[in-house]
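Quick notes on the structure that follows.
The values are calculated or read from the model by the stated rules, or taken from the named source; none is laboratory data. Keep in mind that what you see is a predicted model, and the values were worked out from it rather than measured. Here the Cβ positions follow ideal geometry from the backbone for every residue, glycine too, while neighbour counts run over all protein chains shown. These area figures cover heavy atoms from the full protein model, side chains too; ligands, DNA and RNA do not enter into them. Shrake-Rupley method; radii C 1.70, N 1.55, O 1.52, S 1.80 Å.
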Amino acid sequence: MDLLERLDEEHREVLKMIPEELLDLSDVPRARAILDQLFAAMAADAPVIEGVTTTEMVAKGKDGNPDVTVRVHRPDGLEGAVPGLCWIHGGGMVLGYAAMDDVAMQALAASLGLVAVAAEYRLAPEHPYPAPLEDCYTALRWMVEEADSLGIDAERVAIGGASAGGGLAAGLALLARDRDEVSPVFQLLIYPMIDDRNVTDSSINVTHPQVWHRDANIAGWAAYLGELSGTDQVPGYAAPARATDLAGLPPAYIVVGEFDLFLDEDMEYARRLIHAGVPVELHVFPGAFHGSDAFVPMAETSQRWAAERDDALRRALFAT
């Protein structure tokens, strides 16, 4: 797919500035350093969100799992218990960190009047499945157990994430359902990474070196799955597209771009959720590539994307 020819000028120019080395996962430490530089530059230009306090805290691990650092974003002056969002950052399972979503979570918390808790999960390949997912579960369970001290209504907690974070959120929904200790009421899945098999048309056709592409996706999954990679033993918790039973999951909002490698797997997951009796809202945005809502935030498409995403979360958590 010649992506540059199919994008509008605004998206095309931004995509050209993304370094190809960022997605070369043959050298993960170098990719991480490039991502640090990229997001530092983006953060320098980002607006300052007033009226939200961000606090780094520790979610205590249980059952042999380690403690997990979390970043808690709470609007100032909130009274009583408000809804909460357990947020999981992206990065192909091998990149990223919770603080890179500070501005987005602060803006969301301020706009909706909720508490956002972002999990600092361990990364692959140093920590393959199930370590990252267990860290997310620790953050979610802690968030519910400490709801009173955090000012959160434990009955109105959503889970969400973008890209790898969206895939972890989908896996977290399955894990929470089956363990039956916590009950999130909503899944906010932003172009979720959910199928390790890489057999869909979009997973084959998106190869542009400056957007999340097939080679990077294969490398990310191999790092996350470790010894399970390439086998028929990959569980649905690790790759939710493989889950055979989707019944009883919380309602989901799934959004993905037209030129995203994850387009087909996300659309298929939405279809399967619907057939399992799970309420789903699916949005496919024309002219959008993977991450373009973050890289081109002022574009009309990105603005509409953000507004509709936030409205879905508002309806799920604040419906009377």
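The table that follows gives values for the structure above.
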quantity	calculated
Kirkwood estimate for the stretch 57-206, i.e. one over the average of 1/r between Cα atoms, Å	15.4
Mean separation of Cα contacts under 8 Å, 6 or more apart, over the residue count of the chain: relative contact order %	17
Rounded accessible area per residue of the chain, 1.4 Å, Å²	41
Sites matching GluC sites (Glu not before Pro) across the stretch 59-152 that sit in DSSP coil, with at most 14 neighbouring C-beta atoms within 10 Å	GLU79, GLU126
Estimated FRET transfer efficiency when R0 is 35 angstrom, pair LYS60-ALA247 (beta carbons, to 0.05)	0.65
Which of PRO66, SER163, SER202, positive extreme of dipole for the chain (C-beta unit charges)	PRO66
The chain, helix-only ellipticity at 222 nm - DSSP H runs n ≥ 4, -39,500 (n - 2.57), divided by all residues, nearest 500	-12000 deg cm²/dmol
Test item: Cα-centred dipole of the stretch 1-156, Lys/Arg +1 and Asp/Glu -1 on Cβ, debye	340
Equivalent ellipsoid, the chain (semi-axes from 5 times Cα gyration tensor eigenvalues, Å)	27, 23, 20
Stokes-Einstein diffusion coefficient of the stretch 111-187, Kirkwood radius over Cα pairs, 37 °C, 0.692 mPa s, in µm²/s	255
TRP305 - accessible surface, heavy atoms, 1.4 Å probe, Å² rounded to 10	0
The chain, accessible surface, carbon-and-sulfur percent (1.4 angstrom probe)	51
Shape call, the stretch 98-146: gyration tensor on alpha carbons, a/c limit 1.5	oblate
For ILE204, solvent-accessible area (1.4 Å; no DNA, RNA or ligand), Å²	80
Whole-Å semi-axes of the ellipsoid equivalent to the stretch 4-99 (Cα gyration tensor, √5λ, descending)	31, 22, 12
Positive-end residue, the chain charge dipole about Cα centroid, Cβ charges, pick of ALA118, PRO83, VAL28	PRO83
13 Å beta-carbon shell around GLY248, net charge (K/R +1, D/E -1)	-1
Heavy atoms of ILE218 accessible to a 1.4 Å probe, total area in Å² rounded to 10	80
Total charge dipole magnitude, the chain, about the Cα centre, Cβ charges on Lys, Arg, Asp, Glu only, Debye to nearest 20	480
